[in-house]
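The values are calculated or read from the model by the stated rules, or taken from the named source; none is laboratory data. Everything quoted here is computed from the prediction, not taken from an experiment. FYI the Cβ positions are ideal-geometry reconstructions off the backbone, even for glycines, and counts take in every protein chain you see. Heads up: the accessible areas ignore ligands, DNA and RNA and are worked out on the full protein's heavy atoms, side chains in. Shrake-Rupley method; radii C 1.70, N 1.55, O 1.52, S 1.80 Å.
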Amino acid sequence: MNYIVVDFEWNQTSYGKGSENRKIPFEIIEIGAVKLNEKRKEVDRFSRTIRPKVYKKLHYITKELTGITQEELNVSDPFTYVLVDFMLWCGKDYTFCTWGNMDLVELQRNMKYYGLLDLLKGPVKYYNVQKLFRELCAHDTAAASLETAVDYFDLPKSEDFHRAVNDAAYTAEIFRRVDHEAAKKLYSIDYYQNPQTKKEEIHLRYDSYYKYISRVFDTREEAMADKEVRSTRCYKCGRAARKRMHWFSAKAKAYYCLADCPEHGYIRGKIRIKKDDEQRIYVVKTLRLIDDEKADQLRQMKADVLQKRRERRQKGCQCH
């Protein structure tokens, strides 16, 4: 099994907000990748630019950031040619590694636009090297830039950042330095190709939290009425956790609850309402053990929500 450490550069509309193609807001113009074997030793590289079809004019920010020129793109092969070559280069047994969680989303969105999504079966298991670096090295929940991680390991900056193969190479060097056994337990799932049926729903159990990705629903109300969506079973012991606070909406697309496992204590539930490209609803739920202080913070959050609702109702009554 190989690791494919991949990075993409993409272009966008040069004519302002509202002029983009909603089916492909970002068009990939460069694929760079480093292939590592099971021992995380580099065995090959892939680097190709792509002639754009949707946004033919190179955005000035993309040009400044990457150094890619319009002339370079004009003589490159189209996405369909390069993508097929790339997938053949990846081989049959591999796992993607990326810096952050956006690259695979845009790859699949581009593949879908060109009718090539069948070449990559999803949901896609991968390693988010940024996440691994934060949790295993920097011990920080905040996002970290690729250059920050390069500096952390005191790696030589022999190549410019923001060219796909260079960023892939830097990411590969960082991936090689994180604890391998710990990293295996922290794999990620990209759910751009989200579950369509109950049978396909995803349940991920990590040491510190549990994640559930639901099938699609017609409405938010239907999703929140589903028994599995609302459940708060303890991911450590499997026992039902008693709800201390039922699900409440604190933000436009997020719900929270507080449950209590007799053996492991408080569990915070968080539900994020998502929409796929067809505007269908699905749910990403996380359950995480928390201490008394964070439980109190959650109670205060709900109190603040209720207070704001009362104030809005009172203001509405005064208007009438």
TYR255 vs. criteria hydroxyl-bearing (Ser, Thr, Tyr) and closer than 30 Å to MET111 by Cβ: no
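Yes or no, residue by residue, for (1) in a strand (DSSP E or B); (2) open to solvent by less than 40 Å² (accessible area, probe 1.4 Å); (3) in contact with a helix residue (DSSP H, G or I) (Cβ under 8 Å, 6 or more places away or on another chain); (4) among the aliphatic types (A, V, I, L, M):
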residue: PHE248; (1), (2), (3), (4): yes, yes, yes, no
residue: ALA295; (1), (2), (3), (4): no, yes, no, yes
residue: MET301; (1), (2), (3), (4): no, no, no, yes
residue: ASP304; (1), (2), (3), (4): no, no, no, no
residue: ARG309; (1), (2), (3), (4): no, no, no, no
residue: GLY316; (1), (2), (3), (4): no, yes, no, no
Contacts under 7 angstrom Cβ, first residue in the range 193-220 being free of Cβ contacts under 8 Å to residues at least 60 places away in the same chain, partner of a type in the set (Lys, Arg) and part of a strand (DSSP E or B), 6 or more apart: LEU204/LYS211
Among (1) open to solvent by 20 Å² or more (accessible area, probe 1.4 Å); (2) closer than 30 Å to LYS184 by Cα; (3) among the polar types (S, T, N, Q) - the single one THR219 does not satisfy: (2)
The range 173-192 - residue that is among the charged types (D, E, K, R) and touching a residue at least 12 places away in the same chain (Cβ under 8 Å) and, of those, least open to solvent (accessible area, probe 1.4 Å): ASP190
Members of the range 268-293 found to be within 26 Å of SER214 (Cα to Cα), of a type outside the set (A, V, I, L, M, F, W, C) and without any contact (Cβ under 8 Å) to a residue 60 or more places away in the chain, listed by number: ARG268, GLY269, LYS270, ARG272, LYS275, GLU278, GLN279
Every residue from the range 113-168 that is open to solvent by 30 Å² or more (accessible area, probe 1.4 Å), under 25 Å from ILE189 (Cβ atoms) and among the acidic types (Asp, Glu): ASP118, GLU135, ASP140
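Inside the range 1-76, counting only strands (runs of 3 or more DSSP E) that do not spill past its ends, which hold 1 or more residues that are in contact with an Asp or Glu (Cβ under 6 Å, 6 or more places away or on another chain), of a type in the set (Lys, Arg) and open to solvent by less than 70 Å² (accessible area, probe 1.4 Å)?
The qualifying strands (runs of 3 or more DSSP E) are 27-36.
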